[in-house]
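Trainee: The following block contains the structure, expressed as structure tokens.
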Amino acid sequence: MFGKVLEKLRPGGKSVTLEFKDAVDEVFHDGLSVWLVEARLGPTVHNVKYRYIMLAIGFSYGSCMLSRHVRYFLAVAENGGFTRAALALHVSQPALSQQIKQLEESLGAQLFDRSGRVTRLTDAGETYATYARKALRDLEEGKRAIHDVTDLSRGSLRIGLTPTFTSYFAGPLVESFHKRYPNVSLSLREMPQDRMEALLAVDVLDVGIAFDDVRSAEVETVALMIESLALVVGRRHPLAKRRRVGAQDIAGESLILLTEEFATRELIDRYCRENHIQPTVAIEANSISAVVESVRRTTLSTLLPAGIASGSRDLFAIALEPQTLQRTAALLWRKAAYRSAAAQAFTVLALDLSSQFQAGGSHPLSD
């Protein structure tokens with residue numbers, strides 16, 4: 001038994017000295033404190049003088065203590081100094097400094113350059129920070145995995161959505177999920193896709209709904225549906241009864257479009273360039289609801305996902321043919337991330353709902 005314990009305590013063949021005592025002892029290995037406790041062995045065990053053996057149960061710089069040191073280290077790095085980090089952590093600055101000193105001593109490396117007005121990471125600190133952030137993400141995932149409830153009688157899910165999906169896809173999806181799993185709390189945040197990918201990578205979000213052209217190597221996707229943009233008009237618009245229009249018809253329209261920070265606008269501008277269209281943009285808005293309400297109340301038209309007009313008596317989505325304006329909607333998550341029961345259930349419902357939209361349905365999932 002002791003041979004196995006010793007093997008775990010000396011990776012790479014490094015020596016470890018164990019001192020036997022009647023009570024609790026501790027062993028130091030590479031600057032990390034290993035706590036030992038006595039464990040009673042059965043009477044059948046032979047060649048053990050006192051029927052006790054000291055067993056390693058964890059590194060003091062592992063689990064909670066390691067988590068605290070790493071959190072303190074990252075707080076100093078992110079706040080650019082000990083004073084602001086101490087305030088953020090609600091600890092005294094001397095206590096914080098002592099914790100960082102202990103961590104540096106255990107690692108045998110200086111993590112911070114304290115010579116200037118701003119505390120900066122050294123090269124060693126930059127390297128360690130990369131692994132520290134990953135370690136904390138893994139610890140948080142482990143905590144969620146332990147508390148995950150497979151019957152979904154409780155739980156939580158953090159979701160990111162790009163703006164267009166909040167206008168027509170989020171509502172039916174949330175309705176369906178909440179109806180089935182009312183005790184699972186949802187946090188929905190609207191944001192651009194690049195921001196969403198960054199938050200998925202650092203485990204701030206569990207799942208995202210955006211598009212398949214991801215830029216982050218840490219994010220993977222599964223296709224939801226082909227989203228088609230259409231010419232969306234109000235009831236009073238002359239084209240309201242048309243079922244399709246050509247690309248050149250857009251040139252004669254007075255448009256209200258999303259501003260250039262939206263990925264949808266980038267897609268529209270590229271479509272216009274490829275089809276040699278010079279659109280007349282009468283109004284720009286950085287709000288999808290503002291665009292939709294303006295179209296509803298005027299004879300302006302816009303280019304938005306056809307799903308936004310689904311089920312509305314005041315809006316009409318006119319298909320663009322033969323030159324379509326499409327993109328692939330997708331679910332996003334961090335590669336190799338733990339997926340809770342809630343995340344898996346959400347994925348199933350999102351895929352089912354997207355199939356309905358793809359087939360032309362306009363209603364949320366029903367039981």
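The values are calculated or read from the model by the stated rules, or taken from the named source; none is laboratory data. Owing to the predicted nature of the structure, the values given are computational and were not obtained by experimental measurement. Methodologically, a virtual Cβ is constructed for each residue, glycine included, from the backbone with ideal geometry; neighbour enumeration extends over all protein chains shown. Just the protein is used for accessible areas: all its heavy atoms, side chains included, with ligands, DNA and RNA removed. Shrake-Rupley method; radii C 1.70, N 1.55, O 1.52, S 1.80 Å.
Trainee: Suppose every K and R has +1 on its Cβ and every D and E has -1 on its Cβ; what is the size of the dipole of region 216-274 about the Cα centre, in Debye to the nearest 20? All intermediate terms of the calculation are to be shown ahead of the outcome.
Mentor: Values: 9 positive and 10 negative charges, 152 e Å.
Computed about the Cα centre, the dipole is about 720 debye.
Trainee: Roughly how many debye, to the nearest 20, is the charge dipole of region 103-176 about its Cα centre, given +1 on each Lys and Arg Cβ, -1 on each Asp and Glu Cβ, and no other charges? Don't jump to the answer; show the numbers that get you there.
Mentor: Details: 10 positive and 11 negative charges, 46 e Å.
Dipole magnitude for region 103-176 comes out near 220 debye.
Trainee: Gain in length, ALA217 to ARG189, computed as 0.36 nm per residue apart minus the alpha-carbon separation, to one decimal in nm? It would help to have the intermediate numbers written out before the result.
Mentor: Numbers: separation 28, 0.36 × 28 = 10.08 nm, distance 2.20 nm.
Gain on extension, ALA217 to ARG189, equals 7.9 nm.
Trainee: Out of the total accessible area of region 180-239 (probe 1.4 Å, heavy atoms of protein only), what percent is carbon and sulfur? Walk me through the intermediate numbers first.
Mentor: On the way: 1380 of 2890 Å².
Answer for region 180-239 is 48 percent, counting heavy atoms of protein chains only.
Trainee: Can you tell me what the convex hull of the Cα atoms of region 233-367 projects to on average, as an area in nm²? Write out the running numbers ahead of the final one.
Mentor: Values: hull surface 40.5 nm².
Value for region 233-367: 10.1 nm².
Trainee: Suppose all protein chains stay in the model; what accessible area per residue would a 1.4 Å probe give for region 86-164, in Å²?
Mentor: That works out to 60 Å² for each residue.
Trainee: Another question, if that's okay. At a 1.4 Å probe, what is the % contribution of carbon and sulfur to the accessible area of region 271-363?
Mentor: Numbers: 2180 of 4510 Å².
Of the solvent-accessible surface of region 271-363, carbon and sulfur hold 48 percent.
Trainee: Out of the trypsin sites (Lys or Arg not before Pro) in region 209-256, which ones are loop residues according to DSSP with at most 16 other C-beta atoms within 10 Å?
Mentor: The qualifying sites are ARG215, ARG235, ARG236, LYS241, ARG242, ARG243.
Trainee: Moving on to the next point. Order 176-184, 72-80 from most to least packed using the mean count of other Cβ atoms within 10 Å.
Mentor: For the peptides 176-184, 72-80, the packing ranking is 72-80, 176-184.
Trainee: Given that compact globular proteins tend to follow 2.2 N^0.38 Å, what is the ratio of the alpha-carbon Rg of region 171-228 to that value?
Mentor: Here the answer is 1.25, to two decimals.
Trainee: So what is log10(I(q)/I(0)) for region 73-217 at q = 0.10, 0.12, 0.14 1/Å, when the Debye sum runs over its Cα atoms only?
Mentor: -0.53, -0.71, -0.86
Trainee: How much accessible area does ASP352 have with a 1.4 Å probe, in Å² rounded to the nearest 10?
Mentor: Per-residue accessible area (ASP352): approximately 80 Å².
Trainee: If you don't mind, another one. Hey, what's the per residue convex hull volume over the C-alpha atoms of region 170-312, in cubic angstrom? Before the final figure, lay out each step's value.
Mentor: Numbers: hull volume 19.8 nm³, N = 143.
Taking only Cα atoms, region 170-312 has a hull volume of 138 Å³ per residue.
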